[in-house]
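Participant: Structure provided below as structure tokens; questions to follow.
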Amino acid sequence: MDPEPYFPTSSPSLTRWWSEEAVAVVTGGNKGIGFEVVKKLAELGVKVVLTARDTKKGEAALETLRAQGHAANVHFLVLDVSDPLSISTFASSFKAIFGATLDILVSILHTIKKRVMIYKLSQIRPHPNQKHNIM
């Protein structure tokens, strides 16, 4: 018996729990698991902010996803979660572009000063009508 896929396949039976305006942030979205999460969320119609520490690597990942047909749903912002200034800059940029509502946060991290990131991201308010699920 084959194991069930990590992500369900896109099908009419998939229950959509997110709104059309939902915005997700994926840290470390330029490679590996983070890249695949960005790709799947974009396929599901979620507006995704891919983040990476390195601008060139982030932009390369963004171009790869756009070439695969995800131009409308994927955006890139620089974010180094170990750097308080980078976190602050990211939070300001995110608010300016997407507003103060963050619906989904997928944190693909190796090392982090968690309190700093959580503090800065807490300044971005979750949507009041959304459940707050931690994956």
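The values are calculated or read from the model by the stated rules, or taken from the named source; none is laboratory data. Only a predicted model underlies this, so the values are computations on that prediction, with no experimental measurement involved. Methodologically, a virtual Cβ is constructed for each residue, glycine included, from the backbone with ideal geometry; neighbour enumeration extends over all protein chains shown.
Participant: Name the pairs whose Cβ atoms lie under 9 Å apart, with the first residue in the range 26-53 and touching a residue at least 40 places away in the same chain (Cβ under 8 Å) and basic (K, R), the second crowded, with 22+ Cβ neighbours inside 10 Å and assigned to a helix (DSSP H, G or I), and 6 or more positions between them or separate chains?
Facilitator: Qualifying pairs under 9 Å: K47/L41.
Participant: Is it the case, given these coordinates, that A42 is over 11 Å from I108 (Cβ atoms), outside any loop (DSSP other than H, G, I, E, B) and either under 13 Å from the mean Cα position of the chain (by Cα) or among the basic types (K, R) (or both)?
Facilitator: Criteria met by A42.
Participant: Also, I was wondering about something else. When the residues of the range 82-117 are narrowed to those that are buried (at least 18 other Cβ atoms within 10 Å of the Cβ) and at pLDDT below 85, which ends up farthest from the chain's Cα centre (by Cα)?
Facilitator: M117
Participant: Would you say L62 is touching a Phe, Trp or Tyr at 6+ places or on another chain (Cβ under 6 Å), crowded, with 22+ Cβ neighbours inside 10 Å and not charged (D, E, K, R)?
Facilitator: Considered against the rule, which asks whether it is touching a Phe, Trp or Tyr at 6+ places or on another chain (Cβ under 6 Å), crowded, with 22+ Cβ neighbours inside 10 Å and not charged (D, E, K, R), L62 comes out as no.
Participant: If you go through the range 27-39 one residue at a time, how many are assigned to a loop (DSSP other than H, G, I, E, B) and crowded, with 22+ Cβ neighbours inside 10 Å?
Facilitator: Kept after step one, since they are assigned to a loop (DSSP other than H, G, I, E, B), are these residues of the range 27-39: 28-31.
Narrowing further to those that are crowded, with 22+ Cβ neighbours inside 10 Å: 28-30.
Residues that pass the stated criteria total 3.
Participant: Follow-up. Residues that are of a type in the set (D, E, K, R), modelled with pLDDT of 95 or more and in contact with a strand residue (DSSP E or B) (Cβ under 9 Å, 6 or more places away or on another chain): does the range 56-68 have at least one?
Facilitator: The answer is yes; a qualifying residue exists.
Participant: Further question: Starting from residues that are part of a loop (DSSP other than H, G, I, E, B) and of a type in the set (S, T, N, Q), keep the ones in the range 48-79 and report whichever is farthest from the chain's Cα centre (by Cα).
Facilitator: Step one: filter the range 48-79 for residues part of a loop (DSSP other than H, G, I, E, B), giving 53-54, 68-73, 79.
Those still in the list that are of a type in the set (S, T, N, Q) too: 68, 73.
Values: Q68: 18, N73: 11 Å.
Residue satisfying both the conditions and the ranking: Q68.
Participant: A follow-up question, please. Output yes when any residue across the range 32-43 is touching a strand residue (DSSP E or B) at 6+ places or on another chain (Cβ under 6 Å) and among the charged types (D, E, K, R), and no when none is.
Facilitator: No, every residue in the range 32-43 fails to be touching a strand residue (DSSP E or B) at 6+ places or on another chain (Cβ under 6 Å) and among the charged types (D, E, K, R).
Participant: While we're here: For the range 40-56, give me the residue count where each residue is within 21 Å of D83 (Cα to Cα) and surrounded by 15 or more Cβ atoms within 10 Å (Cβ to Cβ). Can you show your working first?
Facilitator: Applying the first criterion (within 21 Å of D83 (Cα to Cα)) to the range 40-56 yields 49-56.
Now narrow it down to the ones that are surrounded by 15 or more Cβ atoms within 10 Å (Cβ to Cβ): 49-53.
Final tally of qualifying residues: 5.
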